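The values are calculated or read from the model by the stated rules, or taken from the named source; none is laboratory data. On a predicted model such as this, the values are computed, not experimentally measured, just so you know. No Cβ is skipped: glycine too gets one built from the backbone with ideal geometry, and neighbour counts run over all protein chains shown. Remember, those area values only see protein heavy atoms, side chains included, never the ligands or the DNA or RNA. Shrake-Rupley method; radii C 1.70, N 1.55, O 1.52, S 1.80 Å.
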Amino acid sequence: MLIPLTRKTFEELIPPLATGAQYIYCWGKVPDLLRRLLISVVGGLVIVLGRIFLSGQVTASILPFTIGAIIGFYWLWAPIYMAYRRNAEYRKLPYCGFWQGEVLDVFVTEELIGKEETVNAKGELVIVENRERRLNLEVGDETGFRARLQVPLKRAHKVIRPGQLAEMLVLSGRPDLSRVAKISDIYIPSHDLWVSDYPYLRRDAFVEVSRKLAQSPRRARDWEADEID
């Protein structure tokens, strides 16, 4: 089942600014935070020292203070900007639809996510491969549409089985959605489970759309016209 959604609904499901889940995702781990803090400290020092060098003293000029404050708080607002960039990649597509199908296949692979150079006990340079176990989820419907999503493996994924209902948002550059350019997080209603890496969707809003459409496809189309337009 594929039901086109209005642009207003699309913008509610994938907002321009970061949701709480998106901010947490982009916050990253401790090394990411330390990297941002270093940028903030170094950037702030460059502004202050540059001002001293150019004018011979620290003045109360508004512009340097503003720039310094922005750079100084880079560690805090950078996740918002990163989420905005990710969301913009999806929001630039003009059309979207609510898709419902089923899980066709689910399997685990081990993927190379990076390499590190280190020195062993003998003083020899060695390359260490960083690998991560990933879940591969393939979904499809009776029309022949197929899509696959690969995400880091989590313990919650063990309940996923072929044949389970799956829902997601599909995005396209065509009004009839005949060519899908991107897909969103995948929702498994039977376990209230989300399968995703980056959480593109505002999940509470998506579940509400899913609930409305589940009542009756015909009533759902009327709801789209009356409530969303």
Residue by residue through the range 133-139, the couplings from Karplus 6.51 cos²θ - 1.76 cosθ + 1.60 with θ = phi - 60°, in Hz, x for Gly and Pro, are 6, 10, 8, 10, 10, 10, 10
Among Ile160, Pro175, Ala147, pick out the residue whose Cα is farthest towards the positive end of the charge dipole of the range 147-188, where Lys and Arg carry +1 and Asp and Glu carry -1 on C-beta, about the Cα centre.
Ile160
What are the ³J(HN,Hα) couplings of the range 81-86, residue after residue, when phi is run through the Karplus curve with 6.51, -1.76, 1.60 and θ = phi - 60°? Round to Hz, x for glycine and proline.
5, 5, 5, 4, 4, 5
For the chain, set up a Gaussian network in which alpha carbons nearer than 10 Å are linked by springs, and say which option among Val108, Val46, Val126 fluctuates the most.
Val126
Dividing the helical contributions, -39500 (n - 2.57) per DSSP H run of n ≥ 4, by the residues of the chain yields a 222 nm value, nearest 500 deg cm²/dmol, of -12500 deg cm²/dmol
Shape call for the range 73-170 from the C-alpha gyration tensor, a ≥ b ≥ c root eigenvalues: rounded (a/c under 1.5), prolate (a/b greater than b/c) or oblate?
oblate
Could you tell me whether the chain comes out rounded, prolate or oblate from its Cα gyration tensor? Rule is a ≥ b ≥ c as square roots of the eigenvalues, rounded for a/c under 1.5, then prolate if a/b exceeds b/c, otherwise oblate.
oblate
For the range 139-156 and the range 69-106, write down the distance between their C-alpha centroids in whole Å.
19 Å
Which value, in Å², gives the accessible area per residue of the chain when a 1.4 Å probe is used on the protein heavy atoms?
61 Å²
Using Cα positions and a limit of under 29 Å, work out the lysines in reach of Lys115, with same-chain residues fewer than 8 apart set aside.
Lys29, Lys154, Lys158, Lys182
Largest-first ranking of Ile3, Ile67 by accessible area, probe 1.4 Å, whole protein assembly kept, is Ile67, Ile3
Per residue of the range 23-38, in order, report the coupling 6.51 cos²θ - 1.76 cosθ + 1.60 (Karplus, θ = phi - 60°) as ³J(HN,Hα) in whole Hz, putting x for Gly and Pro.
5, 4, 4, 6, 4, x, 9, 4, x, 5, 5, 5, 5, 5, 4, 4
If one takes the longest principal axis of the Cα atoms in the chain, at what angle in degrees, from 0 to 90 and to the nearest 10, does the Cα axis of helix 203-215 lie?
10 degrees
So the angle from the long Cα axis of helix 62-72 to the longest Cα principal axis of the chain, reported in degrees to the nearest 10, equals 60 degrees
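Please state the charge dipole magnitude for the chain, taken about the Cα centre, from unit charges on C-beta atoms (+1 on K and R, -1 on D and E), reported in debye and rounded to the nearest 20. Intermediate values should be presented prior to the final figure.
On the way: 31 positive and 28 negative charges, 87 e Å.
Here the chain has a charge dipole of around 420 debye.
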